[in-house]
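One structure below.
Each reported figure results from applying straightforward, stated rules to the coordinates on display, with no laboratory input. Please read these numbers as outputs of a predicted model, since none were measured by experiment. Quick reminder, even Gly has a Cβ in these numbers, built from the backbone with ideal geometry, and neighbours come from all protein chains shown.
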Amino acid sequence: MRIERAHISAICSPWTVIIFAACLLTAAGWSPACGYVCGDHNADGSVDIVDAVGIISYIFAGGTPATPPEAADVNCDSVINIGDAVYLIRYVFASGAQPCAACPEITQSILFEVCYSNYAWGARLDGFHINNDGQVLTYSYPSQDVPYPPPYWWQEFTEDELRERYSHNPGICATIPMEELRQRYSLVEGAASGELSSILQYCADFGVIYFVAYIYHPESSLYQPVLLEMAGDMAQKNFAPEAEQLFEWLNMCGWQNIPCRYQEMK
């Protein structure tokens, strides 16, 4: 696994530190704190009857939830209930379908992006995107090449336009297991139906960071962004629970030092 160290040499903003320090933490692979085996309720690295019992205990007896909770959603319906325990029992004892086999196949190339821009600390445009192979790929513009205005989350893009952005000092910082990737992407449809807050403008000179998922429309050959959250000089929130789950995941598994978020400012 390779990190483009050049990305870190000219850091001058707090959010660039967040993005690339988080990638450093995951340089050996998607961190165990956020990666998981679908169906592995007790996080012991295997899927067996103990995990089905753990799900039942969680549902009916207030037992310990899975770590993370999404690991127990083995039938990919975004709800943890007795159906997940039954699914696991069939898998263990009756050669049933593998956990997360019901998650939709991913046909588009680009799935998620975190993008940071700042013109107050010097021109910066940095970020990472996640492709359909599960690769977490960083990009970083040299200051002299940063476009103005920056890309905004509400813009639709062709794949060529996105790939041009990602071609600046590219690097790879992690690879996400395919079953986890499929399960996460299954949340995008719910996030796309979420209500968006108004845009608040309170902080100054922090720049803007946005977290988006993409839905590809083959009829127009355009990627439609689905805002999960935006913070900084402009802050906006998607109130769908699926959007919150995806934001926390894309926030490098709980990296919490993002200032000027919507709930901090309202």
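Computed quantities for the displayed model
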quantity: Ranked packing of 40-51, 204-215, 68-79, most packed first, by mean Cβ within 10 Å; calculated: 204-215, 68-79, 40-51
quantity: Net charge of Cβ neighbours under 11 Å - reference residue 129; Lys, Arg +1; Asp, Glu -1; calculated: +1
quantity: The range 30-170 shape via C-alpha gyration tensor axes, a/c threshold 1.5; calculated: prolate
quantity: In nm, spacing of pseudo-spin labels at residue 81 and residue 189 (7 Å Cα→C-beta vector); calculated: 1.7 nm
quantity: Cα-based Rg of the range 130-194 normalised by 2.2 N^0.38 Å, two decimals; calculated: 1.32
quantity: Percent of Cα-Cα distances greater than 12 Å, calculated over the range 49-93; calculated: 53 percent
quantity: Estimated dipole of the range 111-266 in Debye, rounded to 20 [Cβ of Lys and Arg +1, of Asp and Glu -1, Cα centre]; calculated: 340 debye
quantity: Modelled FRET efficiency - R0 51 Å, residue 67 with residue 144, Cβ distances, 0.05 increments; calculated: 0.70
quantity: Selection from 201, 102, 81, by position along the positive dipole direction of the range 77-218 (Cβ); calculated: 81
